[in-house]
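As structure tokens, the structure follows; a few thoughts come after it.
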Amino acid sequence: MKQNEFLASKIQEYSQRNQEAQAQNEYLRKQLGSFMKQKQRMNEETLQSEPRVHEQVYSHDVDSSSEKEMPRMARGESRNQANTNEFRVEVPEFEGKLDPEEFIDWLKTIERVFEYKYILADKKVKLVALRLRKYASLWWTNLNAKRLRERKARIHTWEKMKAKLKAWFLPPTYVQDCYSQFHNLTQGTMNVEEYTREFEKLMIKCDVQEPEEHTIVRYLGDLDPRYSNVVELQAYTSFNDVCILAHKVEQQKKAKQPQKPSNTKPFIQNEPFNKGSSNPPTKP
């Protein structure tokens, strides 16, 4: 008898707990439904407000006097996120051409895109791999297959991938060739502006780290003596001043060059008759 009463009380207790759990679940379901409706309503309001914001920004560009009327950004929306959404920037493709200049330019562009879009470190390798085309894509596939056969770990960091790309697509003598071009550079047939740009480009490619005084001496030593001899007599304080002075001296030299006389023969009236000519003189 006591056992039956005990079982009945347990059943009643479990039934009461079950009812409480169902009531709690129903309450949570209603709260979740209310939250989802509220979120959907906020998204709709955001989508409706976006065209108005773009219209006001456009009117600000047309008429600068409406600067005070331009709406502020919504709270929580960072300026970096807004800038990222304004411009569509993609990682450029690379086909694997054996052109060192093109390859270096591609690598630098990749770095700028990563910096602009705040790409996470664990996604950089996969993103660059997707942009490899033709021979470059074939090389990357073969490299991964080879590492898998040799039981080596997959490449997960951009720094390691970049090192592998440089080792394969950049000639071993690239840096040495750049230094050789820089060492043997002279103005030659180039004008001062062309020579200056080539000088600065090779300095950047060779990553020359030297005092500015040494750079000035190197620049003047390879400049045309007609200009360097004049520049050395002027007052300057920086490499940029030297470049500007050299350009001015070149322009002054060209302006002072005498113009060549015309080779056209002047017309002479009543020219005397030449006896060796078959044409008789005209009668007055």
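Quick look at the values:
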{"item": "Relative contact order [Cα under 8 Å, 6+ residues apart], the range 94-191, whole percent", "result": "38"}
{"item": "Förster-model FRET efficiency, 41 Å R0, VAL89 and VAL217, C-beta, rounded to 0.05", "result": "0.50"}
{"item": "Order of THR109, THR186, THR237, THR196 under a 10 Å beta carbon neighbour criterion, fewest first", "result": "THR237, THR186, THR109, THR196"}
{"item": "Magnitude of the charge dipole, the range 100-170, Cβ model with Lys/Arg +1 and Asp/Glu -1, debye to 20", "result": "440"}
{"item": "Fewest-first sequence of ASP224, ASP241 by Cβ atoms within 10 Å of each Cβ", "result": "ASP241, ASP224"}
{"item": "Separation in nanometres of the label points that stand 7 Å from Cα toward Cβ, at LYS30 and THR237", "result": "7.8"}
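Taken together, the values in this text are just the output of simple stated rules run on the coordinates, not laboratory data. Predicted, not measured: the structure shown is a model, and the values here were computed from it. Counting neighbours? That spans all protein chains shown, and the Cβs are built from the backbone with ideal geometry, glycine included.
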